[in-house]
Amino acid sequence: MEKIKKNVAESLLYGIIINREYDRVFLQVKKGMRMGPVLNGLVKLQRVENRLRAVKTKLARCRRGVLFQENQLRTLQNGLEAKQEEIKQTKLQAGRLEIDLKDRDEQIEKYRNQLNLARTNKEYSALLTELNTAKADDSKIETQVLELMKNVEVDEAACEDIRSQIQTQRTKVDEIRKGAEREAVELEKDIAEIQVEWDAATRDIPAAALQFFERVADTYDGEAMADVEQVDESSQSYSCGGCFMGIPAEVVNVLTVKDEIVRCSNCTRILYLKESE
């Protein structure tokens, strides 16, 4: 019985200590405890990192715009080449059929001459059948040639339309490229200036901390830092501003008393106290 009472008393005491610890952390966060130079340096670096990546994104988008228009032009040029090849093949096919027609016309002329020399009705009838069959085949081939030449005319008109589109697109590409080049010059200038700020911001940050910052930044598109968010004004519950998962008060306590990197156990971002910036 005495042992049970002792365990209950110890549990109550532990609960009181834990509650006091939560209260202490809560008050420290509300007062805006200052972080050490390492975390403050990383927070400042994060601001510069955000600006640097934003400008680099604009530069990449600027260049992608030119590439997109160049690809559009290339697609039109490829389409023109394909259509010209199609015309070439159609003309070759029509040419082969015309040669066949010439041979058939010669054969028809032979049938006519033989028809005039036929000695019997049977021979005459057989030659006449051959002649009519040859004429029918000849007519079919002529129709095919006419259809092919119509297709050539349609394709040549399409080529003219594509050429016009190419010229329009080429003018558009030149204009966009010139504008992009002007914009790129300004953006590259901005990047160089911000890079100087970035380098300056890293001077007082330990190499290990900087390496970790860069690794996490590459994972989350530049967002290596996450502020500790308080659920509400009166609450002693906290969450990661990056992934919104809960953060124990003990972790927040470390941020108020130690100048060291503390990561979110879920997203691995570097935590900091936003009110302490």
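What follows draws every value from the coordinates through simple rules; no lab data is involved. If you're wondering where the values come from, they're calculated on a predicted model, not measured in any experiment. Here Cβ is always computed from backbone atoms with ideal geometry, including for glycine, and neighbour counts include all displayed protein chains.
Any chance you could check the Cα centroid distance between the range 101-154 and the range 70-86 for me, in angstrom?
41
Peptides 98-110, 250-262: what's the order by average Cβ count within 10 Å, highest mean first?
Numbers: 98-110: 13.3, 250-262: 15.9.
Ranking, from highest mean packing down: 250-262, 98-110.
How far apart, in nanometres, would the label points at Ala192 and Gln144 be if each is projected 7 angstrom from Cα along the Cα-to-Cβ direction?
6.8
Under the Cβ-under-4.7 Å rule, which cysteines of the chain stay unpaired?
That list is Cys62, Cys159.
Measuring from label point to label point, each 7 Å out along Cα→Cβ, what is the Arg182 to Lys110 span in nm?
7.5
For the range 80-203, what are Rg and Dmax over the alpha carbons, in angstrom?
33.3, 115
In the calculated pair distance distribution of the range 155-277, what percentage of Cα-Cα distances lie above 20 Å?
63
Alpha carbon centre of the range 236-277 versus the range 169-187: separation in Å?
Answer, in whole Å: 45.
What residue among Trp198, Ser265, Thr219 has its Cα farthest toward the positive end of the dipole of the chain, where the charges are +1 on Lys, Arg and -1 on Asp, Glu, each on the Cβ?
The residue sitting farthest along the positive end of the dipole is Ser265.
With charges set only on the Cβ (+1 for Lys and Arg, -1 for Asp and Glu), what does the dipole of the chain come to about its Cα centre, in debye to the nearest 20? Numbers along the way, then the final one.
Details: 44 positive and 50 negative charges, 153 e Å.
Dipole size: approximately 740 debye.
How large is the dipole of the range 80-203 about the Cα centre if only Lys and Arg carry +1 and Asp and Glu carry -1, each at its Cβ, rounded to the nearest 20 debye?
On the way: 21 positive and 30 negative charges, 178 e Å.
It works out to roughly 860 debye.
Mind checking the full-extension length gain between Glu260 and Ser164? Use 0.36 nm per residue of separation minus the Cα-Cα distance, one decimal, nm.
Numbers: separation 96, 0.36 × 96 = 34.56 nm, distance 6.47 nm.
Going from the current span to full extension adds 28.1 nm.
What is the P(r) of the range 24-139, as percent of Cα-Cα pairs per 5 Å bin from 0?
2, 8, 8, 7, 6, 5, 5, 4, 5, 4, 4, 4, 4, 4, 4, 3, 3, 3, 3, 3, 3, 2, 2, 2, 1, 0
For Rg/Rh (Cα atoms, Kirkwood Rh), the choices are [x] 0.99; [y] 1.53; [z] 1.15; which was calculated from the structure?
Read-out taken from this structure: [y].
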